[in-house]
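Peer 1: Structure below; questions to follow.
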């Protein structure tokens, strides 16, 4: 056995293996564990919000703590739960779907996950180190500059570190999909999951740098005494709003496009039909990605950019409904006349269509700029974005978790418990958020920590909170399901759903660390399905059995990320108590060590980079003999 | 065994050694993608600068027209443009498998880049003496973050290319090292293109 599989003894060896791994399948598991942890954390914060709002004049949370909880709920769910969980499924599937042995940059893949994990931990340490950020997940500069204490600093630095990881992963997926496709895997034969990952990757590459700049401006203002948002010195807080939304709007497509990809796979698998209108689906995906960059100011209709700007952004926003509509109809036509199997993933997919359309329709309502003056900052907005993010993205994550679980762990989640989770979550979701549309139209503003009795909000808020309880129950059942499945550890074999269409299902389970013993030859869309129908159910090899090259494990990505984590503490406390600092931190105690912590942290990262550059990391070869042994073993297992 | 594949005999030296291996191809595509992101990064900084370039707390603060000297900016531009040209020579010799000439032109590139950086530091030093600092006004913040981010890229580029010269000194040229040199050259060109925009938008527009 080669070095990658040989050391499997003891817990520490396993932990070390995961700390140093460059295998996309193991990195997928790291993303799943860390993203799942933050999802539960964000869910607990959501429950705290709904408990506080269940009854009028509640004092369960103080006003200040409520602000911290809503800020952390939004930030955690978007940056630390939804996106990493999507990365988990991208990592688990995309290299397999295109017939590759790994991603283009395995080292960077590892760096991406560790930057995300350290950034996430840093952000959440704020709870224990003087208070969490409290300026909302959008952290508008006029609020965030005034926010006392270090809360917003944790937000800015934590997101900067984890955002760097996201950017790196985006570049990695784009490159992987362009250069690593197996012979015959043309662009127009790529599964929709791969296509949406490619477009989401491009969106990440172009959308994250504006966030990086915005966060740097905030970091420099709050920690190093600059004046970008300090109005007395000529600063302008609207710059933050623009930069944030130039990132923020593409961000929602970065989330929803891979979700569309997961659903597209599930629809065609469990309707047992080729995806209807494949080329239109690809076209619509690219078009949504393109339009995604031209609509950011629809978040800023009430800022006062003027009627011309508002009109242009309103029209561009409405235009996005067209490609999205194309997708919705294509999914419906895929199901139409199909031989449908109601598995757990399929239930989520079917529930997604009406739920997401409802969110889309309220989106079009808000695109009408004059009407948006009424909806703005009300619960109508909260209802809208939860309909698209939960009804779209979270449904896709739960569907994907059940659908891809066997691919990642070679076991199956219980269908029975899965369906219980689905019904609890589905009913709870609509109960929580449908009523919030009406709350908004009745005048309840968002981001308020309580409301008075006798305004007609009581019953609606109670219903909403009860619905949130149902969703929490659903997640608890899911956790129980996972624990039971892991404990039972009942292995399943190749193509566990029985109707796999794409390359990843052609592989033996668990997938060998080199994925493909021989790189497969792709003969059309739904490559595995074609071989099932026209061949002998095995992929044809595109190469003869031979030695092949694999990348080495490395601890450097972990150390590099750790360096930035350390440096973040130095930056965070740098302005503390300095006379040039903003009022928010000027009264705090001086930390003379802050500068040195910053320097040491950056030095750790920098030395890691130099080490990486100066070493020749040539990887190793998997020998023909080892692959042959594995193949024989699989044959024996199959019998 | 693995190393064998990277060292190519002279007569088999490919026309494009930087993309002759899959790793090389990946680096090429990945780095262009990264430069796409860098473009948006600098676009955001330019937008911030344009929004804040006339924003000072009071009329006794200096603005662009009071500060900039086109002579200095012109010399800096020439140094950086020339260094881009010399990095092209380095890549040219890399493609011809001429290791020592490649190293020489890379060294000249570093020297020219260092000259640019020295002038930039001198410029910043002068401005700080005149009271135009990172903390003095929104204009100051926007100016230093735009030029400073570019200058930081120059520093990274200098360390990168110097590092390559040192690490490759004992290794010579292979399709493995060629990909590294080519990526650094791509980066260096990008820095140069950004400076052209800085010269136009910040300096030229600042004095007219």
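Peer 1: Within region B:152-165, identify whether any single residue is surrounded by 18 or more Cβ atoms within 10 Å (Cβ to Cβ) and outside any helix (DSSP H, G or I), and answer yes or no.
Peer 2: No, region B:152-165 contains no residue that is surrounded by 18 or more Cβ atoms within 10 Å (Cβ to Cβ) and outside any helix (DSSP H, G or I).
Peer 1: When only residues in region B:51-69 that are more than 14 Å from chain A (Cβ to nearest Cβ) and under 17 Å from residue B:124 (Cβ atoms) count, which is farthest from the chain's Cα centre (by Cα)? If you could, list the steps in order and put the result at the bottom.
Peer 2: First pass over region B:51-69, keeping only residues more than 14 Å from chain A (Cβ to nearest Cβ): B:65-69.
Pick out the ones that are also under 17 Å from residue B:124 (Cβ atoms) and you get B:66-69.
On the way: B:66: 27, B:67: 24, B:68: 21, B:69: 22 Å.
Checked region B:51-69; the qualifying residue farthest from the chain's Cα centre (by Cα) is B:66.
Peer 1: Moving on. So is residue A:211 at pLDDT 95 or above, touching a helix residue (DSSP H, G or I) at 6+ places or on another chain (Cβ under 8 Å), away from chain B (no Cβ under 11 Å) and under 29 Å from residue A:393 (Cα atoms) or not? Break it down into steps so the answer makes sense when it comes.
Peer 2: Working: at pLDDT 95 or above: yes; touching a helix residue (DSSP H, G or I) at 6+ places or on another chain (Cβ under 8 Å): yes; away from chain B (no Cβ under 11 Å): no; under 29 Å from residue A:393 (Cα atoms): yes.
It is false that residue A:211 is at pLDDT 95 or above, touching a helix residue (DSSP H, G or I) at 6+ places or on another chain (Cβ under 8 Å), away from chain B (no Cβ under 11 Å) and under 29 Å from residue A:393 (Cα atoms).
Peer 1: Moving on. Inspect all residues belonging to region A:179-198 and state whether any of them is touching a residue at least 60 places away in the same chain (Cβ under 8 Å), facing chain B (nearest Cβ under 8 Å), buried (at least 23 other Cβ atoms within 10 Å of the Cβ) and farther than 30 Å from residue A:273 by Cβ.
Peer 2: Looking for residues that are touching a residue at least 60 places away in the same chain (Cβ under 8 Å), facing chain B (nearest Cβ under 8 Å), buried (at least 23 other Cβ atoms within 10 Å of the Cβ) and farther than 30 Å from residue A:273 by Cβ, one finds none in region A:179-198, hence no.
For every residue, the table says whether it meets (1) in contact (Cβ under 8 Å) with a residue 12 or more places away in the chain; (2) in contact with a strand residue (DSSP E or B) (Cβ under 9 Å, 6 or more places away or on another chain).
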| site | (1), (2) |
| --- | --- |
| A:487 | no, no |
| A:492 | yes, yes |
| A:500 | yes, no |
| A:514 | yes, yes |
| A:517 | yes, yes |
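Peer 1: Looking only at region B:19-38, which residues are closer than 13 Å to residue B:187 by Cβ and in contact (Cβ under 8 Å) with a residue 24 or more places away in the chain?
Peer 2: B:27, B:28, B:31, B:32, B:35, B:38
Peer 1: Okay, moving on. For the subset of region A:532-559 comprising residues that are in a helix (DSSP H, G or I), surrounded by 14 or more Cβ atoms within 10 Å (Cβ to Cβ) and free of Cβ contacts under 8 Å to residues at least 60 places away in the same chain, which member is nearest to the other protein chains (Cβ to nearest Cβ)? Step through it out loud before you land on a result.
Peer 2: Going through region A:532-559, the residues in a helix (DSSP H, G or I) turn out to be A:532-534, A:556-559.
Next, only the ones that are surrounded by 14 or more Cβ atoms within 10 Å (Cβ to Cβ) stay: A:532, A:556-559.
Now restrict to residues that are free of Cβ contacts under 8 Å to residues at least 60 places away in the same chain: A:532, A:559.
Values: A:532: 30, A:559: 18 Å.
Looking at residues that are in a helix (DSSP H, G or I), surrounded by 14 or more Cβ atoms within 10 Å (Cβ to Cβ) and free of Cβ contacts under 8 Å to residues at least 60 places away in the same chain, I get A:559.
Peer 1: OK, next. Take the residues of region A:221-233 that are facing another protein chain (nearest Cβ under 7 Å) and part of a helix (DSSP H, G or I): which is surrounded by the fewest Cβ atoms within 10 Å (Cβ to Cβ)?
Peer 2: Ranking the qualifying residues of region A:221-233, first place goes to A:232.
Peer 1: Evaluate region A:98-114: report whether one residue or more is in contact with a strand residue (DSSP E or B) (Cβ under 6 Å, 6 or more places away or on another chain), in contact (Cβ under 8 Å) with a residue 12 or more places away in the chain, on the phi > 0 side of the Ramachandran plot and assigned to a loop (DSSP other than H, G, I, E, B).
Peer 2: Initially, region A:98-114 is screened for residues in contact with a strand residue (DSSP E or B) (Cβ under 6 Å, 6 or more places away or on another chain), giving A:99.
In the following step, the residues that additionally are in contact (Cβ under 8 Å) with a residue 12 or more places away in the chain were identified as A:99.
With the extra rule that they be on the phi > 0 side of the Ramachandran plot, the set shrinks to A:99.
Keeping just the survivors that are assigned to a loop (DSSP other than H, G, I, E, B) gives A:99.
Within region A:98-114, one or more residues are in contact with a strand residue (DSSP E or B) (Cβ under 6 Å, 6 or more places away or on another chain), in contact (Cβ under 8 Å) with a residue 12 or more places away in the chain, on the phi > 0 side of the Ramachandran plot and assigned to a loop (DSSP other than H, G, I, E, B).
Peer 1: A further question follows. Out of (1) surrounded by fewer than 22 Cβ atoms within 10 Å (Cβ to Cβ); (2) within 14 Å of another protein chain (Cβ to nearest Cβ), the odd one out for residue A:296 is which?
Peer 2: The single condition residue A:296 does not satisfy is (1).
Peer 1: Still on this structure, I have one more. Could you list, in sequence order, all residues of region A:589-623 that are closer than 21 Å to residue B:6 by Cα and assigned to a helix (DSSP H, G or I)? Working first, answer last.
Peer 2: Step one: list which residues in region A:589-623 are closer than 21 Å to residue B:6 by Cα, which gives A:611-623.
Across region A:589-623, the qualifying residues are A:611, A:612, A:613, A:614.
Peer 1: Just need a number here: residues in region B:70-98 that are free of Cβ contacts under 8 Å to residues at least 24 places away in the same chain and crowded, with 19+ Cβ neighbours inside 10 Å.
Peer 2: 1
Peer 1: Looking only at region B:115-148, filter to residues that are surrounded by fewer than 18 Cβ atoms within 10 Å (Cβ to Cβ) and within 12 Å of chain A (Cβ to nearest Cβ); which one of those is farthest from the chain's Cα centre (by Cα)?
Peer 2: B:135
Peer 1: To continue, here is another question. I want to confirm something. Restricting to region A:234-265 and keeping residues that are surrounded by fewer than 24 Cβ atoms within 10 Å (Cβ to Cβ) and facing chain B (nearest Cβ under 7 Å), which single residue is nearest to residue A:201 (Cα to Cα)?
Peer 2: The qualifying residue nearest to residue A:201 (Cα to Cα) is A:239.
Peer 1: Would you confirm, using the coordinates I've provided, whether residue A:527 is surrounded by 20 or more Cβ atoms within 10 Å (Cβ to Cβ), out of contact with any strand residue (DSSP E or B) (no Cβ under 6 Å at 6 or more places or on another chain) and within 14 Å of another protein chain (Cβ to nearest Cβ)? Quick ask: steps written out before the conclusion?
Peer 2: Values: surrounded by 20 or more Cβ atoms within 10 Å (Cβ to Cβ): yes; out of contact with any strand residue (DSSP E or B) (no Cβ under 6 Å at 6 or more places or on another chain): yes; within 14 Å of another protein chain (Cβ to nearest Cβ): no.
No: the conditions fail for residue A:527.
To keep it simple, each residue is scored yes or no on (1) surrounded by fewer than 20 Cβ atoms within 10 Å (Cβ to Cβ); (2) within 18 Å of residue A:251 (Cβ to Cβ); (3) touching a helix residue (DSSP H, G or I) at 6+ places or on another chain (Cβ under 9 Å).
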{"site": "A:52", "(1), (2), (3)": "no, no, yes"}
{"site": "A:61", "(1), (2), (3)": "yes, no, yes"}
{"site": "A:72", "(1), (2), (3)": "no, yes, yes"}
{"site": "A:82", "(1), (2), (3)": "no, yes, yes"}
{"site": "A:85", "(1), (2), (3)": "no, yes, yes"}
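Peer 1: So, one more: Could you list, in sequence order, all residues of region A:169-178 that are surrounded by 24 or more Cβ atoms within 10 Å (Cβ to Cβ) and either under 30 Å from residue A:582 (Cα atoms) or within 11 Å of chain B (Cβ to nearest Cβ) (or both)? I'd like the intermediate steps shown before the answer.
Peer 2: Within region A:169-178, the subset surrounded by 24 or more Cβ atoms within 10 Å (Cβ to Cβ) is A:169-177.
Of everything in region A:169-178, those that are surrounded by 24 or more Cβ atoms within 10 Å (Cβ to Cβ) and either under 30 Å from residue A:582 (Cα atoms) or within 11 Å of chain B (Cβ to nearest Cβ) (or both) turn out to be A:170, A:171, A:172, A:173, A:174, A:175, A:176, A:177.
Peer 1: Which residues, counting only those in region A:513-530, are out of contact with any helix residue (DSSP H, G or I) (no Cβ under 8 Å at 6 or more places or on another chain) and more than 29 Å from residue A:21 (Cα to Cα)?
Peer 2: A:529, A:530
The values are calculated or read from the model by the stated rules, or taken from the named source; none is laboratory data. Computed from a predicted structure; not experimentally measured. Every residue, glycine as well, gets a Cβ built from its backbone with ideal geometry; the counts of neighbours run over all protein chains shown.
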